[in-house]
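Where a number appears in this text, it was derived from the coordinates with a stated rule and is not lab data. Not measured: the values here are computed from a predicted model. Reconstructed Cβ throughout: ideal geometry from the backbone, glycine too, with neighbour counts over all protein chains shown.
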Amino acid sequence: THNVKIIYNKSSFCLCHIRRCVILPNMIHFDDVDKAILSQLQEDSRIPYAELASKVGLSVGAVHERVKKLERKGVIKRYRVDVDPEAIGLKLTAFVAVQLESNSTCRTLLPEFQTFPEIEEVHSVAGEIDVILKVHTSDTKTLEDLLYRIKTIKGISRMTTRVVLSTELEGRPLEAGS
């Protein structure tokens with residue numbers, strides 16, 4: 001499956017991802033054709049422009065221009081392959097809730113988190129917990145070793161871990177304006 005992540009909002013804010021922090025502009029206005037294009041691309045980002053044009057009722061050139069506009073405006077961030085972690089031996093998924101020391105932030109620790117290939121996502125969150133990490137490992141022993149390594153990062157005061165038993169819904173296509 002190929003996913004296109006769509007990021008939009010009604011006000012500016014910062015999302016802390018594993019690769020970088022991005023300040024997002026105010027929400028971009030979409031018409032029904034843009035929404036249909038985004039919906040199709042989220043289902044199959046490799047769909048040929050001719051087929052996409054047929055599905056949304058535009059010419060190939062018009063679809064190409066709209067897709068390029070959505071890319072320029074940052075609505076379409078990237079095209080990527082959605083790899084099944086279990087298929088590559090990563091059978092265990094967990095969420096690690098991290099409480100930081102008062103002088104630390106998600107942004108300041110992001111370079112440290114990026115050194116761990118097991119960490120797929122890093123989320124700065126509000127509440128008692130400051131950061132949530134989504135991690136993949138091969139088994140519980142490997143998870144334990146990863147947790148010990150993460151605990152050595154200066155600025156972390158406490159961690160709790162939740163092991164995923166099953167994933168019922170993931171990578172759901174986003175609908176513009178929802």
- So which of Lys35/Lys91; Lys55/Lys77; Lys77/Lys151; Lys35/Lys134; Lys35/Lys73 end up more than 25 Å apart, counting from Cα to Cα? Lys35/Lys91; Lys77/Lys151; Lys35/Lys134
- Dipole of the range 56-178 (Lys/Arg Cβ +1, Asp/Glu Cβ -1, origin at the Cα centre): which of His136, Thr152, Val60 lies farthest to the positive side? Val60
- Query: So between Glu128 and Phe95, what do we pick up on full extension, going 0.36 nm a residue minus the alpha carbon distance?
  - Reply: 10.4 nm
